[in-house]
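To keep things clear, I will list the structure first and then write my remarks on it.
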Amino acid sequence: TRISHICLLLIPIMALGQLPATNMFHFTIMKVGEEVKLKNPSFITAFNEDGYNNQPYFIENDVLFLTSDYYHKGQTDIVKLDFFEESLKRVTNTSESEYSPALIPGKKDFSVVRVEADGKTQTLSSYPLDGQGRPRRYLGYINNIGYYAWINEENVVLFLVKEPHHEMAVARVTTGQKKTVLDRIGRTFKVDNKNMVHYVHKLYSDQWYLKKFNFEKNQSTEIVEMPTGTEDFEILFDGSYIAGQGSRLLRYIPGIDQTWKEIADLSSYGIINIKRLATRKNRLIVVDQKP
């Protein structure tokens, strides 16, 4: 199978640190009737093929932010891929590591999980879109943030790193108020256009469920059981869900499907371990983690 490469900057790769080797692939999503097809595959992280490239987030339809250790092995920055210009740009350049970029609703800034200088404290911080200037820290008393997603301009859902089970909490950044929702959660949050938080509840070791949380009513609703071992998913433009299991890309249509159905096997592209997914209109980013 032929696959195009967006090489961007071909610079020799240094040895991989402790972060897992992850790469990203871009596809165009086509919908024919109720079916979804993938076209125009591109390998978009050739600039750092043996490094860490993860947590994709579309800032615009043609602009992707992601976390990468391309510039400094063992430490991550936020970088920008512009598909229209076919360019790569470093956004953050700090002595700390940044992860999980996302636009802050109603602002011209983006947020990150920032690992502070001690290597342990994980905070929610923000930068201007160009990455220039000192970071602003939100929720200063919370230092164990693993992942997050904005519900609206004031409220954010948090994955809190805790033992023995990680917790899901909702916090208001304007007041600092925090409310724990439940524990045993997956790392992926997706917020739809009704401000519903979609997440994976790892209720039992071998049974994980996709659920949605109504922030205003403080109520969760079960959607479907997840494929075995899968905690990453994405919501497509038609309201259906996609998730990966190994090399297989699966889809679930609420109200129609009883369970997940395979829409593509991506092993012919060298994708064998699908992790995070990101979409914007007809674009799909697939993160593949090497063994």
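With a 1.4 Å probe and all protein chains left in place, how much of the accessible area of the chain comes from carbon and sulfur atoms, in whole percent? Walk me through the numbers on the way to the answer.
Working: 6330 of 13940 Å².
Using a 1.4 Å probe with all protein chains present, the chain comes out at 45 percent carbon and sulfur.
Separation of the alpha carbons by more than 18 angstrom is noted, of Lys120/Lys290; Lys107/Lys212; Lys37/Lys290; Lys261/Lys281; Lys194/Lys217, for Lys120/Lys290; Lys107/Lys212; Lys37/Lys290; Lys261/Lys281.
So which GluC sites (Glu not before Pro) in the range 175-264 end up in coil per DSSP with only 13 or fewer other C-beta atoms within 10 Å? Before the final figure, lay out each step's value.
Details: sites: Glu216, Glu222, Glu225, Glu231, Glu234, Glu262; in loops: Glu216, Glu231.
Taking the range 175-264 and a limit of 13 other Cβ atoms within 10 Å, the loop GluC sites (Glu not before Pro) found are Glu216.
Rounded to the nearest Hz, the phi-derived 3J(HN,Hα) couplings of the range 213-227 under the Karplus curve 6.51 cos²θ - 1.76 cosθ + 1.60 (θ = phi - 60°) are 10, 8, 4, 6, 9, 6, 9, 10, 10, 6, 9, 6, 6, 6, x, where x marks glycine and proline. Each Lys and Arg adds +1 at its Cβ and each Asp and Glu adds -1 at its Cβ; summed about the Cα centre, the chain shows a dipole of about 400 debye. Distance from the Cα centroid of the range 205-261 to that of the range 63-111 is 27 Å (rounded to whole angstrom). Summing Cβ point charges (Lys, Arg +1; Asp, Glu -1) relative to the Cα centre of the range 32-179 gives a dipole of roughly 580 debye.
Accessible surface for the range 68-215, divided over its residues, is 47 Å² per residue with a 1.4 Å probe. Projecting the Cα atoms of Ala171, Trp260, Phe215 onto the charge dipole of the range 156-277, computed from C-beta unit charges around the Cα centre, puts Ala171 farthest toward the positive end. Temperature 10 °C, viscosity 1.306 mPa s: under these conditions the Stokes-Einstein estimate for the range 78-209, based on its Kirkwood radius over C-alpha pairs, is 101 µm² per second. The Cα trace of the range 140-197 gives Rg and Dmax of 10.9, 33 Å, the first to one decimal, the second as a whole number. Note on the chain: along the principal axes its Cα atoms extend 52, 47, 35 Å, ordered by decreasing extent. In a DSSP loop and with at most 14 other Cβ atoms within 10 Å, the trypsin sites (Lys or Arg not before Pro) in the range 168-255 are Lys194, Lys217.
Quick one: work out the % antiparallel among DSSP beta bridges in the chain, nearest 5.
Numbers: 93 of 96 bridges.
Bridges in the chain that DSSP calls antiparallel: roughly 95 percent.
Compared with the rule-of-thumb size 2.2 N^0.38 Å for a compact globular protein, the range 154-291 has a Cα radius of gyration ratio of 1.08. 3J(HN,Hα) along the range 45-57: 10, 4, 5, 8, 4, 9, x, 9, 9, 8, 6, x, 8 Hz, from the Karplus curve 6.51 cos²θ - 1.76 cosθ + 1.60 with θ = phi - 60°, whole Hz, x for Gly and Pro. In a reduced charge model with +1 at each Lys and Arg Cβ and -1 at each Asp and Glu Cβ, the range 178-224 shows a dipole moment near 180 debye about its Cα centre.
The values are calculated or read from the model by the stated rules, or taken from the named source; none is laboratory data. Remember, it's a predicted structure, so these values are computed and weren't measured experimentally. Heads up, the Cβs are rebuilt from the backbone with ideal geometry, glycines too, and the neighbour counts pull from every protein chain shown. Note: accessible area is taken over every heavy atom of the protein model, side chains too, but ligands, DNA and RNA are not part of it. Shrake-Rupley method; radii C 1.70, N 1.55, O 1.52, S 1.80 Å.
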